[in-house]
Amino acid sequence: MTYDETTLVSLTEDAAAIIARYPVKRSALLPMLHLVQSVDGFVSPDGIQFCAEQLELTAAEVSAVATFYTQYKRRPNGEYQVGVCTNTLCAVMGGDRIWDELSEHVGVGHDETTEDGKVTLERLECNAACDYAPVMMVNWEFFDNQTPESAKQVVDDLRAGKDVAPSRGPAKVCSFKQVSRVLAGFEDGRADEDQGAGTATLAGLEAAKGQGWTEGAK
Amino acid sequence: MTVTLTPVLSATWGSDKSWSLDTYTEAGGYAPLKKALGMAPGDLVQAVKDSGLRGRGGAGFPTGMKWGFLPPDDGGPRYLVVNADESEPGTCKDIPTMMSAPHALIEGVIITSFAIGCNHAFIYLRGEVVHVYRRLLQAVREAYEAGHLGKNIHGSGFDLDVTVHAGAGAYICGEETALLDSLEGRRGQPRLKPPFPAVAGLYARPTVVNNVESVASVPAIVDKGVEWFTAMGTERSKGMGLFSLSGHVTRPGQYEAPLGITLRELLELAGGIREGHELKFWTPGGSSTPIFTQDHLDTPLDYESVGAAGSMLGTRALQLFDETTCVVRAVTRWTEFYKHESCGKCTPCREGTYWLTQILKRIEAGRGTQADIQQLLDTCDSIAGRSFCALGDGATSSIISSVTLFREEYEAHVEQGGCPFDHAASALFEYSDTPATEEAHA
Ligand SMILES: Cc1cc2nc3c(=O)[nH]c(=O)nc-3n(C[C@H](O)[C@H](O)[C@H](O)COP(=O)(O)O)c2cc1C
Ligand code: SF4
Ligand code: FES
């Protein structure tokens, strides 16, 4: 492993905190792979070695798990993972067109990263936000009701180093590494940040109010 | 008359800081927990049995009965694992539930754990929703700080720890045994059943796996009682549920209503199909359920009626498509999804979804033959009922149902040598149907 002393110490501390969450050590593997991505920006050979040593597994066992899941990247990822949902519902509502225009605009295809290392594009499967179709995700934050123009604007802003806010979620999109650390189960103090619950989320409540329902009379 | 909506889980979603412990508690939250801790665990299981609550994750298995399947206490650990993997195309109810009211789930987890004798519960959340994970992590921390979690909860002698675990992108991990393998740090592949998780689940110990919405419904049942719950719904499908409307509908979103409501009634509340268009086909319960048409507008959306009409209530993921939509395009895309997500463990699904995709892409592109349409059905035959888990069956649902209902549309692709539809007409924004590349270079 080529981690320097400080990195290795903090990785080991974090790994211990993760392992402590589970009755059986091996359960820590998925969060630990997220942790590795928070340091290296992908599942690096060093990271695999580190997980293997911590969990008393072979590197081959760790690799076999890492390659099964799409969120673990085998190559250095862009600072922003930009995914366009092209599962049926979003695709039909315009996701296919958004994908085509965005990919053309940025000049990279599926699972490819821009030369400046800023953006990795990806075609996504359904991300459980179909009521906001067509949907885009940036570092796993929700960008709802997209158009080709809005999607291109987001990516341009990200590449220009501007802060970008999702439709639902925190005040701004964090980097891939920062978000990977949250996915390893470490809070980042942003849970109370909010952009509103969203129109579709509240659509039924609004309709219920139209029927005379009030919150007090549950 | 329109059926009255029944916001229960969604009741507080519009409140200020709806995700916080304070807001949840002010609205009456965690009072059901105190009540439950004063009851005998067996009585809680019985109450959930009596309520008729059925699993909200897709299969509709009676929740109380599932809890009752756990073997008697042998002194070793037993586990509750909440399935928060929500990845079935069209399904988008658990994510807003956890984003807007994570404490409803946490309270449900505590009551359920108490009822089944579990001291360590897990929430397996899909990894692709980081803000939901933030909210859950915070909610669990708040619950510990308030004494709702930890040792000797509110002096009851009951101990509980909750771990919120993020997955890493794999639809199959929603299948309960694949989820358990994944939670154990392995590739997410389904296990042979039996043994069922109730007997040998997480770490080979007795385990209950329940969907987010199932578990989050428990506090309200404890609070308001079995009769309140059974007053909603139909004879064998009790209570309320979140109906998720998406697609070509004026006001898409989450509508919490009694089971048995119809799409016609839901559409009335949601402003109808988008202006100037009419409904063509829809899924009642996600992409793994056979599609419906206008003929099913009045089918009560409960387990029995949807089943009798040839589909499944599934996750109440109502994806609505109007007459501009090419059914072959829609089905091809879903099938590519199943091919992508097939875990590869069994041959019928692994090979079958590959061939289905090949044939469908050929037909969609206008390079198919009439014989291909029959070949599709034959291939479905060799997958459905012959696969190791329900993913394989689900992959065939939209194909078989769409060929049955819209065979002429498949034939039109073959005859015309291409797709008869203008894809731009289906989109929710304007564009002309020239490929993006041509336009950019023009
Ligand atoms: C391929 C596949 C994916 C599934 N995905 C989910 C899911 O994301 N969430 C869920 O709750 N159930 C899912 N299920 C159903 C689960 O296997 C299981 O039946 C459910 O979690 C049980 O909870 P319930 O009884 O409370 O519904 C899936 C099943 C299959 C076959
Ligand atoms: S049916 Fe598909 S997903 Fe299920 S075990 Fe077989 S290959 Fe895996
Ligand atoms: S189909 Fe795109 S979020 Fe569900």
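The values are calculated or read from the model by the stated rules, or taken from the named source; none is laboratory data. As the structure is a computational prediction, the values presented were derived from the model and not from experiment. When we count neighbours, we look across all protein chains shown, and the Cβ atoms used for this are built from the backbone with ideal geometry, even at glycine. Areas reflect the complete protein model, heavy atoms only, side chains present, ligands, DNA and RNA absent. Shrake-Rupley method; radii C 1.70, N 1.55, O 1.52, S 1.80 Å.
Given the criterion basic (Lys, Arg) and in contact with a Lys or Arg (Cβ under 7 Å, 6 or more places away or on another chain), identify the matching residue among B:Arg141, B:Arg134, B:Arg126.
Testing whether each residue is basic (Lys, Arg) and in contact with a Lys or Arg (Cβ under 7 Å, 6 or more places away or on another chain) leaves just B:Arg134.
Given the range B:353-436, what helices (runs of 4 or more DSSP H) lie entirely inside it while holding 3 or more residues that are open to solvent by 40 Å² or more (accessible area, probe 1.4 Å)? Reasoning before the result, please.
Working: elements: B:370-381, B:390-416, B:423-426.
Output list reads B:370-381, B:390-416.
State the number of residues belonging to the range B:264-289 that are open to solvent by 10 Å² or more (accessible area, probe 1.4 Å), in contact with a strand residue (DSSP E or B) (Cβ under 8 Å, 6 or more places away or on another chain) and either hydroxyl-bearing (Ser, Thr, Tyr) or in a loop (DSSP other than H, G, I, E, B) (or both).
Total satisfying the criteria: 5.
Could you look through the range B:387-421, keep only residues that are without any contact (Cβ under 8 Å) to a residue 24 or more places away in the chain and acidic (Asp, Glu), and pick out the one that is nearest to B:Ser342 (Cα to Cα)?
The extreme case among them is B:Glu408.
Which residues, counting only those in the range B:149-201, are of a type in the set (Ser, Thr, Tyr) and either within 10 Å of ligand 1 (Cβ to nearest atom) or part of a helix (DSSP H, G or I) (or both)?
To start, the set of residues in the range B:149-201 that are of a type in the set (Ser, Thr, Tyr) comprises B:156, B:163, B:171, B:177, B:182.
Hits for the range B:149-201 are B:Tyr171, B:Thr177, B:Ser182.
Within the range B:5-23, identify whether any single residue is away from chain A (no Cβ under 12 Å), surrounded by fewer than 18 Cβ atoms within 10 Å (Cβ to Cβ) and assigned to a helix (DSSP H, G or I), and answer yes or no.
Of the residues in the range B:5-23, the ones away from chain A (no Cβ under 12 Å) are none.
No, there is no match, as no residue in the range B:5-23 is away from chain A (no Cβ under 12 Å), surrounded by fewer than 18 Cβ atoms within 10 Å (Cβ to Cβ) and assigned to a helix (DSSP H, G or I).
Any residue at all in the range A:117-135 that's assigned to a loop (DSSP other than H, G, I, E, B) and out of contact with any Asp or Glu (no Cβ under 8 Å at 6 or more places or on another chain)? Don't jump to the end; show me each part of the working.
In the first step, residues of the range A:117-135 are kept if they are assigned to a loop (DSSP other than H, G, I, E, B); the result is A:117-118, A:125-129, A:133-135.
Remaining after also requiring out of contact with any Asp or Glu (no Cβ under 8 Å at 6 or more places or on another chain): A:133-134.
Yes: the range A:117-135 contains one or more residues that are assigned to a loop (DSSP other than H, G, I, E, B) and out of contact with any Asp or Glu (no Cβ under 8 Å at 6 or more places or on another chain).
Inspect all residues belonging to the range A:176-186 and state whether any of them is within 26 Å of B:Leu428 (Cβ to Cβ), modelled with pLDDT of 95 or more, of a type outside the set (D, E, K, R) and open to solvent by less than 10 Å² (accessible area, probe 1.4 Å).
Within the range A:176-186, the first condition is being within 26 Å of B:Leu428 (Cβ to Cβ), and the residues that meet it are none.
The answer is no; no qualifying residue exists.
Condition check: touching a residue at least 12 places away in the same chain (Cβ under 8 Å), within 10 Å of another protein chain (Cβ to nearest Cβ) and away from ligand 1 (no atom under 16 Å from the Cβ). Does B:Leu125 satisfy that? Write out each step before concluding.
Values: touching a residue at least 12 places away in the same chain (Cβ under 8 Å): yes; within 10 Å of another protein chain (Cβ to nearest Cβ): yes; away from ligand 1 (no atom under 16 Å from the Cβ): no.
No, not satisfied.
Please specify each residue of the range A:10-25 satisfying the condition of being small (Gly, Ala, Ser) and open to solvent by 50 Å² or more (accessible area, probe 1.4 Å). Write out each step before concluding.
Just the residues of the range A:10-25 that are small (Gly, Ala, Ser), to begin with: A:10, A:15-17, A:20.
Those that are small (Gly, Ala, Ser) and open to solvent by 50 Å² or more (accessible area, probe 1.4 Å): A:Ser10, A:Ala16, A:Ala20.
Residues checked against (1) in contact with a Lys or Arg (Cβ under 7 Å, 6 or more places away or on another chain); (2) closer than 25 Å to A:Ala197 by Cβ; (3) modelled with pLDDT of 95 or more; (4) within 16 Å of ligand 3 (Cβ to nearest atom):
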| residue | (1), (2), (3), (4) |
| --- | --- |
| B:Met240 | no, yes, yes, no |
| B:Phe243 | yes, yes, yes, yes |
| B:Arg274 | no, yes, yes, no |
| B:His277 | no, no, yes, no |
| B:Leu318 | no, yes, yes, yes |
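Is it the case that some residue within the range B:308-316 is in contact with a strand residue (DSSP E or B) (Cβ under 9 Å, 6 or more places away or on another chain), within 13 Å of chain A (Cβ to nearest Cβ) and within 16 Å of ligand 1 (Cβ to nearest atom)?
Yes: the range B:308-316 contains one or more residues that are in contact with a strand residue (DSSP E or B) (Cβ under 9 Å, 6 or more places away or on another chain), within 13 Å of chain A (Cβ to nearest Cβ) and within 16 Å of ligand 1 (Cβ to nearest atom).
Of the conditions (1) within 11 Å of chain A (Cβ to nearest Cβ); (2) touching a Phe, Trp or Tyr at 6+ places or on another chain (Cβ under 8 Å); (3) over 18 Å from B:Asn210 (Cβ atoms), B:Gly167 satisfies every one except a single condition; which number is it?
Single failed check for B:Gly167: (3).
Restricting attention to the range B:126-149, does a residue exist that is among the polar types (S, T, N, Q), away from ligand 2 (no atom under 16 Å from the Cβ) and under 27 Å from B:Val45 (Cα atoms)?
Of all residues in the range B:126-149, those among the polar types (S, T, N, Q) come to B:138.
Imposing the further condition that a residue be away from ligand 2 (no atom under 16 Å from the Cβ) reduces the set to B:138.
Still in the list and also under 27 Å from B:Val45 (Cα atoms): none.
No, the range B:126-149 contains no residue that is among the polar types (S, T, N, Q), away from ligand 2 (no atom under 16 Å from the Cβ) and under 27 Å from B:Val45 (Cα atoms).
Scan the range B:214-230 and tell me whether some residue there is part of a strand (DSSP E or B), within 28 Å of B:Ala390 (Cβ to Cβ), within 14 Å of chain A (Cβ to nearest Cβ) and open to solvent by less than 30 Å² (accessible area, probe 1.4 Å). Explain how you work it out, then say what you get.
Residues of the range B:214-230 part of a strand (DSSP E or B): none.
No - not one qualifying residue is present in the range B:214-230.
Looking at A:Glu141, A:Glu101, can you tell me which residue is within 14 Å of the chain's Cα centre (by Cα) and facing another protein chain (nearest Cβ under 9 Å)?
Values: A:Glu101 fails: within 14 Å of the chain's Cα centre (by Cα).
That would be A:Glu141, the only listed residue that is within 14 Å of the chain's Cα centre (by Cα) and facing another protein chain (nearest Cβ under 9 Å).
Filter the range B:16-37 down to residues that are among the polar types (S, T, N, Q) and under 18 Å from B:Asp94 (Cα atoms), then give me how many there are. Please lay out each step first, then the result.
Going residue by residue through the range B:16-37, those that are among the polar types (S, T, N, Q) are B:18, B:20, B:23, B:25.
From the residues that got through so far, the ones that are under 18 Å from B:Asp94 (Cα atoms) too are B:18, B:20.
Residues in the range B:16-37 being among the polar types (S, T, N, Q) and under 18 Å from B:Asp94 (Cα atoms): 2 in total.
Quickly run through the range A:60-99 and pick out the residues that are part of a helix (DSSP H, G or I), open to solvent by 30 Å² or more (accessible area, probe 1.4 Å) and touching a residue at least 12 places away in the same chain (Cβ under 8 Å).
Scanning the range A:60-99 gives a single hit, A:Ser63.
Inspect the range B:55-78 for any residue being more than 22 Å from B:Gly307 (Cα to Cα), of a type in the set (Phe, Trp, Tyr) and within 8 Å of another protein chain (Cβ to nearest Cβ) and give the result as yes or no.
There is no residue in the range B:55-78 that is more than 22 Å from B:Gly307 (Cα to Cα), of a type in the set (Phe, Trp, Tyr) and within 8 Å of another protein chain (Cβ to nearest Cβ).
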